[in-house]
1. Does GLU205 qualify as being more than 16 Å from the ligand (Cβ to nearest atom), modelled with pLDDT under 95 and out of contact with any Lys or Arg (no Cβ under 9 Å at 6 or more places or on another chain)?
2. Residue by residue through the range 187-202, note down the ones that are surrounded by 17 or more Cβ atoms within 10 Å (Cβ to Cβ) and within 12 Å of the ligand (Cβ to nearest atom).
3. Against the condition within 25 Å of LEU3 (Cβ to Cβ), at pLDDT 95 or above, away from the ligand (no atom under 16 Å from the Cβ) and not polar (S, T, N, Q), how does LEU80 come out, does it pass?
4. Taking the residues in the range 208-224 that are among the hydroxyl-bearing types (Ser, Thr, Tyr) and away from the ligand (no atom under 12 Å from the Cβ) as candidates, determine which candidate is farthest from the chain's Cα centre (by Cα).
5. So, of the residues in the range 17-55 that are of a type in the set (Lys, Arg) and at pLDDT 95 or above, which turns out to be nearest to ILE340 (Cα to Cα)?
6. When the range 164-220 is examined, which residues are found to be assigned to a strand (DSSP E or B) and not aliphatic (A, V, I, L, M)?
7. In the range 338-354, is there at least one residue being closer than 21 Å to ALA267 by Cα and either surrounded by fewer than 24 Cβ atoms within 10 Å (Cβ to Cβ) or at pLDDT below 95 (or both)?
8. Could you please find all residues in the range 116-155 being in a loop (DSSP other than H, G, I, E, B) and within 16 Å of the ligand (Cβ to nearest atom)?
Amino acid sequence: MILLKNVTLTGKLTDVLIGGGKILAIGSYAMDERLMSQIIDGSGKQLVPGLIDGHVHPIGGGGEGGFATRTPPLSAHDFLEGGVTTVIGLLGTDGWTRTGIDLLAHVRGYTIQGIRSFLLSGSYAVPPVSITKSIAEDILLINEVIGVGEIAINDHRSTQPTVHELARLASQARIAGLLKGVRGTMNVHVGDGKDALDLLEEVVETTDIPITQFLPTHINRSERIFDAGLRWAKKGGRIDFTTCTTEAFIEEGEIPAGQALQRALAAGIPLRQITMSSDAGASLPTFDESGKLLRLETGKPTSIFDAVRDAVQHGVRIEDAIQTVTSNVAEAYGISGGDIRQGERADLLLIDDALQIDTILAEGHAIMIQKKWLLPK
Ligand code: ZN
C-alpha cells in the first residue's frame, strides 16, 4: 500500500491510501505506517486526477508528404511523462496503410504498462474503415472501442462527406454506444476549409441526433474556426482544443489551447462543454513560402499539461483547467474516471507550487515521485 500524506485535495489537507491499483481511503486516519510499502509526503502539493487525453495517435499519423513523412509510434513512457494515465487512441488521415488492428494491439500494450486505453474506430474517411464488419460491431464487440473518429470535415483531406452520410455514421455509433453503455461519440476533425462547422450544424438541425453526440476538435486552429466553435457551444455542443502546436502554427493564427480555454470561458461557454486533447503522434509540418516541407515535428503528450499551465497563467483556475483534461473528457465519451473517489483507479498526480508535475501514480504504481522518475527510460 502507498500512503500519500498531507496532500491538498480541493482546498483541504488530507491523506490518501492506495492499494491494489485503487484508492482505498481518503481522509486523515491513524494508519499503521509499517504496513506501507511507500509513504509520499505531499505537503504543499495539490492532488489531481491523472489526465485523460481524448485524442491521440498511438501508432503515429500524418504521412501527407510521402512515405518518409509518417510519424513514429508513441510509447507508454511518452504518455506517462506527461501525466497522462488514460488515452483515447485513433487513426487519422491514413486509414489504409495504418489499421485499426495495429492500433488495437498497440494500445493493449499501453494497458499492460498501466495506462487505461480506449479507441475510436474509423479514420478521416466516410464511409469509414473498421476492424470488424462495421463501426457499430467494432463498438459492440471490442471492449476498447467507445466511439468513432476522427472523421474529417472542412478539409481537403476529408472524403467530403454529405450531411446524410455523416448523420448515418453518427447514428450507428450512437445506437451501438447505447447498447454498450458508452456514448458512441463521434470525434470530428475540423480542418481549415471554408465551411467551418456548417456540415455538423446541418446534421444537428435536420436530424434528431443530439448535439452532444459530436466532439469537434482543433477548434483553436484559427480565429474563424474558434468563432464557429463558440456558436456551436452556445447551442449546447462540446468543443475540443488541441494542445500540440508549433511557433509556425501560432504565427499562422492558431490560438494556443490554454488561451482558447480562457477566452471560451470569458465568452460564457460552460466549463463542462470544453475539453483539451494533445493530438500527440500527429505530424506538425513546417513549409517554406514555396510550399516545400522544411521540417516535420511530432506532437507530444506533454503538451497537454503545458496547456493547463498556460491556461492558469492566463487566469483560469487550476481546478477548472484540470477538469477539461479529466472529468469533462470522461463525460464526453461516457467512460468512468477523471475524479478522485474511494474505489476509483488510483491514477493520480501531485502538482507543485510552480505548476510542475511532481509525482505520478498510474493504476496505483508510482511512476515518478518528487520529480524522480522510477521506470527505466
Ligand atoms: Zn485531426
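The values are calculated or read from the model by the stated rules, or taken from the named source; none is laboratory data. No experiment lies behind these values; they were computed from the predicted model shown. Ideal geometry is used to build each Cβ from the backbone, glycine not excepted, and the neighbour counts take in all protein chains shown.
1. no
2. Listed by number, the residues that qualify are ASN187, VAL188, HIS189, VAL190, GLY191.
3. Yes; evaluated as a whole, the condition is true for this residue.
4. Applying the filter and picking the extreme gives SER222.
5. Only one residue tops the list, namely LYS22.
6. THR185, ASN187, HIS189, PHE214, PRO216, THR217
7. No - not one qualifying residue is present in the range 338-354.
8. Taking the range 116-155 and keeping what is in a loop (DSSP other than H, G, I, E, B), we get 122-134, 142-144, 154-155.
Across the range 116-155, the qualifying residues are GLY122, SER123, TYR124, ALA125, VAL126, PRO128, VAL129, ASN154, ASP155.
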